[in-house]
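The values are calculated or read from the model by the stated rules, or taken from the named source; none is laboratory data. Nothing here was measured: the structure is a model prediction, and the numbers come from that model. Quick reminder, even Gly has a Cβ in these numbers, built from the backbone with ideal geometry, and neighbours come from all protein chains shown.
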Amino acid sequence: MLAAGQALAAGIDLSKPYGDKYGCINRNGQEVAADKMLLLTDKELITAASACTFSDKQSQADGSLVVTAKCEAEGEEGQAPTKFTIKRSAKNAKKLVVADEGGNVMGEVARCK
């Protein structure tokens, strides 16, 4: 039990990429077309329809990470500022859950192998 508490206290480490199946496949460039894709790195969050570059990361007392980013949506001009919350999955401590500003879960990601 102590180890889990220490892991949470250490915060979220994004030094290695996290993604869903297609996010990890595409982490080095668009190799496979996918409607649903989520890739999380220490600098950006990429989905099938948008790319967000992080400008600020704030660790929270509960161990989650609040990220401020500028996002470019496919087919739209310019960048829109937004915030995401990244936290450990309640079901699997090795996975991370990404939620938008409104608390809508965008997806669950695991460390890419």
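Quick notes
- For segment 14-46, a residue qualifies if it is at pLDDT below 90 and acidic (Asp, Glu), and the qualifying residues are Glu31, Asp35.
- Contact annotation: no residue pair with Cβ atoms under 6 Å, 6 or more positions apart or on different chains, pairs a residue in segment 70-95 that is closer than 18 Å to Cys112 by Cβ and modelled with pLDDT under 95 with a partner that is among the aromatic types (Phe, Trp, Tyr) and surrounded by 15 or more Cβ atoms within 10 Å (Cβ to Cβ).
- Strands (runs of 3 or more DSSP E) completely within segment 10-93 that count 3 or more residues being of a type in the set (A, V, I, L, M): 38-40, 65-73
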